[in-house]
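Remarks on the structure that follows.
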């Protein structure tokens with residue numbers, strides 16, 4: 001959701017944004033029709049699971065498609081994500097889900113970006129993968145797109161060295 005927050009900041013105060021980095025994010029609103037209804041149903045089921053059985057139970061369902069499938073048995077990675085996210089309450093999770101379901105179309109914001117922009121995603125990110133990031137990059141003049149191999153949606157946790165190197169390189173060239 002950080003990318004959505006960054007886009008909203010840009011929409012509200014573009015003159016205050018010198019650079020923007022959008023990692024593993026999207027820009028489209030909730031789909032209309034059956035696709036939007038299905039997303040709503042799946043997210044509501046996760047909220048219900050968090051409320052009835054706790055955050056760790058919800059995370060056991062939510063996490064597998066969020067990381068590169070080859071890392072699902074990487075206990076250090078999985079446990080660190082579960083530990084981090086289970087510190088939040090079901091109420092916080094429900095509020096995040098509501099924000100995602102009410103997300104605006106940020107396409108017009110992308111087209112207004114006039115500062116250096118980095119878009120980064122994991123090649124195996126099934127939620128906001130390379131195709132979506134390519135579409136976003138096409139809307140931002142002069143943007144840079146990085147696709148991290150062997151990486152899913154949780155890029156900063158799955159491949160911290162590669163993500164940090166991409167960010168450092170972009171910051172150095174944007175300066």
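Based on this model, can you work out whether residue 90 counts as assigned by TED's automatic domain parsing to the domain that holds residue 36, at pLDDT below 95 and surrounded by 13 or more Cβ atoms within 10 Å (Cβ to Cβ)?
When the stated conditions are applied, residue 90 does not pass them.
So that you can scan it fast, the table gives a plain yes or no per residue for (1) touching a residue at least 12 places away in the same chain (Cβ under 8 Å); (2) assigned by TED's automatic domain parsing to the domain that holds residue 148; (3) over 16 Å from the mean Cα position of the chain (by Cα):
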{"residue": "69", "(1), (2), (3)": "yes, no, yes"}
{"residue": "74", "(1), (2), (3)": "no, no, yes"}
{"residue": "80", "(1), (2), (3)": "yes, no, yes"}
{"residue": "85", "(1), (2), (3)": "yes, no, no"}
{"residue": "97", "(1), (2), (3)": "yes, no, no"}
{"residue": "109", "(1), (2), (3)": "yes, yes, yes"}
{"residue": "112", "(1), (2), (3)": "yes, yes, yes"}
{"residue": "123", "(1), (2), (3)": "yes, yes, no"}
{"residue": "130", "(1), (2), (3)": "yes, yes, no"}
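Go through segment 125-140 and count every residue that is surrounded by fewer than 22 Cβ atoms within 10 Å (Cβ to Cβ) and at pLDDT 95 or above.
Of the residues in segment 125-140, 8 are surrounded by fewer than 22 Cβ atoms within 10 Å (Cβ to Cβ) and at pLDDT 95 or above.
The values are calculated or read from the model by the stated rules, or taken from the named source; none is laboratory data. Model, not experiment: these values are computed from the prediction. For neighbour counting, all protein chains shown are included, and Cβ atoms are generated from backbone atoms with ideal geometry for every residue, glycine included.
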